[in-house]
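Taking it in order: structure first as structure tokens, then the write-up.
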Amino acid sequence: MLELLLALPFVLALAVALSANASRRTIAWLAGLVPLLGLGVLALLAGDVFDGTILKTQYAWIPEAGLDFSLRMDGLAWTFALMVLGIGGLVVLYGHYYLSAKDSPRRFFTYLLLFMGAMLGMVIAGNLLLLAVFWELTSISSFLLIGFWSHRQDARQGARMALTITGMGGLALLGGVLLIGRIVGSYDLDVVLASGDLIRASHLYPWALGLVLLGIFTKSAQFPFHFWLPHAMAAPTPVSAYLHSATMVKAGVFLLARLHPALAGTDLFFYVVSGVGATTLVMGAWFAIFQHDLKGLLAYSTISHLGLITLLFGLSTEMAVVAGLFHILNHAMFKASLFMAAGIIDHETGTRDMRRLGNLRRLMPMTSALAIVASLAMAGIPLLNGFLSKEMFFAEALEIGGHGTMRWLISIAALLAGVFGIAYSLRFVHDTFFGRGPRALDVVPHEPPRWMRIPVGVLAILCLVIGIIPALTVGPLLHTMARGTLGDATPDFSLSVWHGINLPLMMSVASLVFGVLLYFGLRKLLDFHAVVTRSTGRQLFQVNLERLFSLARAFTARVANGSLQRSLFGLLLVALVLAGWPLLGRFGDVLAGSPGAQPMSPVGWGLWAVLVAASIGTVVVHGKRLTALIVIGGVGLAVSLLFVYLSAPDLALTQLLVEMVTIALMMMALNYLPKQSKSTRRPLRKFRDVAISIVAGGGLGALAYAMMVSPADTISNELLVRSLPEAYGRNVVNVILVDFRGFDTFGEITVFGTAALVVHALLRWARLKPDEVMPGPPVQLPIAADLTQLLFPLALTVSIYLFLRGHNAPGGGFIAGLVFAVPVLVKYVLQGARAVEATFGFDYLRGIGVGLLLAVIGGVGSWWFDVPFLTSGHLDLELPLIGLLPLASALVFDTGVYVVVFAGTLLMLSTMGTVKQRQAAEEAH
């Protein structure tokens, strides 16, 4: 069930992304299925979770790194999943009516579902590394949502700022997770939560705590990283209502709750977390008073409430944790409804500026009533849910033990925050729904469509119902949520509206009275409409970003100025230093125990001499590009013959085919260049380059020699022994490629496909001068065109033959893909690019994607048999006439290699061969 819950948003996000021709209503229904079905799954799991059962599923992923695909659901995860799906469903309904005709609902809901899936994955992750993966996915998907209106500069800047700050925190969190894993010896969440004493006693605890808190503070917009949140308000209002009430900004406080048993309980935790929380609480509340934008005010109030929750977790007492969890629920309800109400106001009036609003209760009575209820809940007025958690906060602030100074400071901060909270809530209500106005609007405000108002009404009613009868409504859920956080340490508590006349109640009354006086006093003393607030954090961010860009430009101009010689010089120099440093003074020890070199026959010496001569010839004639290319081909041919001599037919065949294709590609590339390269008149540079070349070549030669004379009892023997019984292949080279180091091969074909796409992208927009010579057959060769028709089926037969035998004899997907590309190359040389395209019509771009997808399927299929990614299986088929046919599952992966190599090679060939034709066609058009 947990797998289904996690898969729902990603599967339907793909369905939405592919529904290009669907109507807006259909797309909204597809998106709405995720929260509906997800809530159904949560309902089925509710009985076990409320009984205290921890549900868990686990699959081996990368066990050597301690990374398992582990999903875990307890009361805390269940409640957060309820918020993610419940408020997510309301946001989907709201967003359907909010988006304009110009906005793409397909793109919007795809991003929204991706974010929903990332949040669900984070809250139900049972492995800390997996949690970090989903944590980063929330940052990426929120970046897409915040920057949804990419035509607006403020949206692009807000998205970039959010991604930079939260991405930096994500890297810090990963470091903290790795340290926790090192301390505990496991990344399994159950093990980590049970190892609190071990973690706190470790000398690495301060570092682990600091890195984890850095991730938490950046995500939940705590001081001094709070400034990104107000600028994220450039996102569409449904995004703000979702990300900044129940999901993204709550990810930090969720992790604070999740790791509380493992990290809390020290003075360091108390002072850092409660200190940052108190600072954020007061600062955010104060700045919220002076915002003119409705969403700006709500953004700073969100910062303040997140500071309140952080402060409660920093206090570390059981009831403080319960109060923090309770306020997470309450804040999600009233803040989501307020954001959506602000969006309705913007949608129906054309502005969110309170200086132009006012008296909307007359024009929009229903929306005004719902927004006022949610505002009073945010202010903590009695009979609303915000009052209950605020009372608990005041009570816990007054009961801090053992920290006398901090008790008074936090109590003062709590009272100030209460006063400021009343003030900014009153401004939201008074300046929007009362007073004079509205002013200078382009439209006459009116109520929105009914279904757009319903999500606001649902949440506002919940604020009221929970505030009146908390024990019957939210009590059991809060008990379950607290038990998921505190476990056996969960205290007994009850929720009620009236606790008698006590000091927390007096603080509530005082905050209400002084908050009202503060707001109207500021209105008398200041002209609110003339106050301009500036974000110091944003200014520092922009200054540092500009300096970073300036440094990057200077570095690029100095190092990567377009000179291939300089780039190669830097690359070789760095490689020499990194590779040579560990071997300094130790190379003699490596060779001391070697059995010595074996004698080589005259044939081998002859091939070696050809190779040396061709290499020297390349250096001598390098200025004449065509001649140098012919000599380079001789080098490749000599290497192929050496592989044959050394009994490596796979490598020889691969080398030969690679030479054929790359020489053709390089011949085409020569048409873009002058016939002869410019000679340099800098002798010092020549001597420098010669010295580096000698050292680099000598170092590689020495390394190769050391490997060849090393003892025979190495890993190669183990691979030879394990190849047939474990991977079901006699061709050890192919087994290594598709099984033992299949991850490397997958990375290599990804790089190969990416290189082909880069060539295609660069040459697609190439514009050449009229006098430049373009690739293509300059004259018709006296060879019958029918030759290519005969060559193609022959090459295809050989290609399939080499592919099918590759697991047990020389061949495989890489070789077969190159063989299949050769007849196409010959056809191009004989008849030109148009004839190739007319004959085959193959979509090489999609071919690369299909090949990579096949490779992934070949690896993921292993999971069905509970074995790691890309582990081979075996099947013997008895076929009529053919007989016994042994098959290995690696054949699927090798098919992906085959398709990527063929499609990537032909994409580069076809792109280079059609630039002139494409340019001529565009000029004619």
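Worth a mention:
- Cα gyration tensor shape for the range 2-538, rounded if a/c is under 1.5, else prolate or oblate: oblate
- Crossing angle, helix 813-831 versus the chain [Cα axis fit, 0-90 degrees, rounded to tens]: 70 degrees
- Within the chain: Cβ-based charge dipole about Cα centre, in debye rounded to nearest 20 (Lys, Arg +1; Asp, Glu -1): 3700 debye
- Separation of the range 96-138 from the range 525-562 is 29 Å, based on Cα centroids.
- For the range 335-403 and the range 269-300, distance of Cα centres in Å: 15 Å
- Shown for the range 151-241 is the translational diffusion coefficient from the Stokes-Einstein equation, using the Kirkwood radius over Cα pairs, a temperature of 10 °C and a viscosity of 1.306 mPa s: 109 µm²/s.
- Cα-based Rg of the range 33-155 normalised by 2.2 N^0.38 Å, two decimals: 1.21
- Shown here for the range 382-456: GluC sites (Glu not before Pro) in loop regions (DSSP other than H, G, I, E, B) with at most 11 other Cβ atoms within 10 Å, of which there are none.
- Distance between modelled label sites at Arg362 and Leu845, nm, 7 Å Cα→Cβ extension: 5.7 nm
- When each of Lys56/Lys219; Lys102/Lys390; Lys250/Lys524; Lys219/Lys390; Lys56/Lys390; Lys219/Lys524 is checked by Cα-Cα distance, pairs over 31 Å: Lys102/Lys390; Lys250/Lys524; Lys56/Lys390; Lys219/Lys524
- Exposed trypsin sites (Lys or Arg not before Pro) absent - longest run of the chain, DSSP non-H/G/I/E/B, at most 14 other C-beta within 10 Å: 153-435
- Each stretch of four or more DSSP H residues adds -39500 (n - 2.57); spread over every residue of the chain, this sum gives -24000 deg cm²/dmol at 222 nm.
- Between the Cα long axis of helix 625-645 and the first principal axis of the chain there is an angle of about 80°, rounded to the nearest 10.
- Qualifying chymotrypsin sites (Phe, Trp or Tyr not before Pro) in the range 476-541, DSSP loop, other Cβ atoms within 10 Å at most 12: Trp498
- For the chain, the relative contact order comes to 8 percent (Cα pairs under 8 Å, sequence separation of at least 6).
- Cα-projected label distance for Leu763 with Ile694, points at 7 Å along beta-carbon direction, nm: 3.9 nm
- The range 127-235, relative contact order in percent, only Cα pairs under 8 angstrom and at least six apart counted: 35 percent
- Segment Leu472..Leu171, full-extension length gain: 104.2 nm, with 0.36 nm per residue of separation and the alpha-carbon distance subtracted.
- C-alpha long axis of helix 602-620 to longest principal axis of the chain, angle in °: 60 degrees
- Applying 1/(1 + (r/R0)^6) with r as the Cβ-Cβ distance of Leu790 and Tyr645 and R0 = 30 angstrom yields a FRET efficiency of 0.35.
- Between the beta carbons of Met506 and Asp527, assuming R0 = 35 Å, the FRET efficiency works out to 0.55 to the nearest 0.05.
- Placing R0 at 30 angstrom, the Cβ-Cβ distance between Val621 and Leu703 gives a FRET efficiency of 0.60 after rounding to 0.05.
Readers should treat all values here as calculations from the given coordinates under stated rules, not as data from a laboratory. Since this is a predicted model, take the numbers as computed values, not measurements. Cβ sites come from the backbone with ideal geometry, for glycine too, and all protein chains shown count toward neighbours.
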